[in-house]
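Just below is one structure, and these are the notes that go with it.
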Amino acid sequence: MTEQRAEGTAETIAYDQVSLVIDGPLATITLEDGARLNAISPAMAEALAEALGEVLKPRRRVRCLLLTGAGRGFCAGVNLLQEARAVSAGAGKVPALSSVETLFHPLLRRLHALPIPLVVAVNGPCVGIGVGIALAADHVVASADAYFLLPFRSLASAPDSGLTWLLPRMVGMARARRLLLRAERLPAATALDWGMIGEVLPAEGFAAAARTVALDFAHGPTAALSEMKRLLADGLRQDLDAAMEAEARAVARTSRTRDNVAAMRLFGSKEKPVFHGE
């Protein structure tokens with residue numbers, strides 16, 4: 001069940017524990033269960049997937065997606081309260097855990113494959129699958145008082161969300177082992193120092209500052225940014241020659257865009273081009 005309303009130029013769509021605001025070229029998805037620090041249930045994951053589908057509709061012409069959490073936390077991981085009760089009661093099935101392969105991982109794959117820039121604003125605790133969501137972003141901005149935590153050891157569970165693939169590539173194997181095997185809380189400043197996130201912003205005024213960062217992407221040369229996303233992702237699985245060939249093809253595609261033509265015309269001048277994402 002969704003609720004839709006327009007406020008000025010912005011349109012808001014309310015899903016189950018997820019909201020979507022589309023304001024010109026920028027879409028903002030907010031996880032809306034602040035009382036539980038936005039712990040993700042299967043219902044919330046389905047709503048997030050539905051919101052992503054809306055963002056990607058061609059008629060929306062969205063050029064950047066900002067994803068954040070309501071309240072004082074970004075995401076406290078998977079909501080395991082129902083599962084804990086089921087285990088205590090002797091039930092055999094654990095719904096959220098069984099959703100890893102059927103729901104959570106497909107959702108994360110969609111985030112990684114998003115054709116437009118994805119900015120994740122980590123406004124507070126970022127735990128478990130929340131870290132997986134953050135690391136699917138092209139740019140992560142974190143509040144100075146945010147932290148990252150992978151609690152799988154405490155749950156006696158193997159990790160998920162692609163973290164065993166992502167973390168060694170981002171922070172190195174030793175630090176990946178430390179985060180997973182010791183389940184240490186990682187402050188935002190250290191995550192920035194390790195190369196795990198892109199930017200740390202002051203806690204005061206964080207939401208507005210994160211939106212400003214996302215707007216910079218939304219008004220950028222979207223076609224070129226999308227090519228960069230694709231080249232970087234594919235480059236992790238290619239040798240150097242294949243990467244250079246892919247770059248040559250991408251340069252040819254961007255050279256035909258309206259934004260590239262506008263930028264080349266103004267090259268060497270003090271005037272900045274206005275990009276249209278075309």
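No lab work stands behind these numbers, since they all come straight from the coordinates. Note that the structure is predicted; figures quoted are calculated from it, not measured. Cβ placement follows ideal geometry from the backbone for every residue including glycine, while neighbour counts extend to all protein chains displayed.
Given Cβ point charges of +1 (Lys, Arg) and -1 (Asp, Glu) and nothing else, what value in debye, to the nearest 20, does the dipole of the chain about its Cα centre take? All intermediate terms of the calculation are to be shown ahead of the outcome.
Values: 30 positive and 29 negative charges, 75 e Å.
Once rounded to the nearest 20, the dipole reads 360 debye.
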- Shape call for the chain, from the Cα gyration tensor axes a ≥ b ≥ c (a/c under 1.5 means rounded, otherwise prolate when a/b beats b/c, else oblate), comes out prolate
- Query: What number, rounded to the nearest 500 deg cm²/dmol, is the helix-based mean residue ellipticity at 222 nm of the chain, given -39500 (n - 2.57) per DSSP H run of at least four residues and division by all its residues?
  - Reply: -12000 deg cm²/dmol
- Of Arg185, Arg249, Arg177, the one that fluctuates the most in a GNM where the chain has Cα springs shorter than 10 Å: Arg249
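Rounded, prolate or oblate: pick one for segment 149-278, where a ≥ b ≥ c are the square roots of the eigenvalues of its C-alpha gyration tensor, a/c under 1.5 means rounded, and failing that, prolate if a/b is larger than b/c, else oblate.
On the way: a/c = 3.19, a/b = 1.62, b/c = 1.97.
The shape class here is oblate.
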- Message: Could you identify which residue out of Pro125, Pro151, Pro168 has the top mean-square fluctuation in a GNM of the chain using Cα springs shorter than 10 Å?
- Response: Pro168
- In a GNM of the chain with a 10 Å cut-off on Cα contacts, which of Arg253, Arg59, Arg153 has the highest mean-square fluctuation? Arg59
- Just check segment 222-265 against the gyration tensor rule for me: Cα atoms, a ≥ b ≥ c as the square roots of the eigenvalues, rounded for a/c under 1.5, and otherwise prolate or oblate depending on whether a/b exceeds b/c. prolate
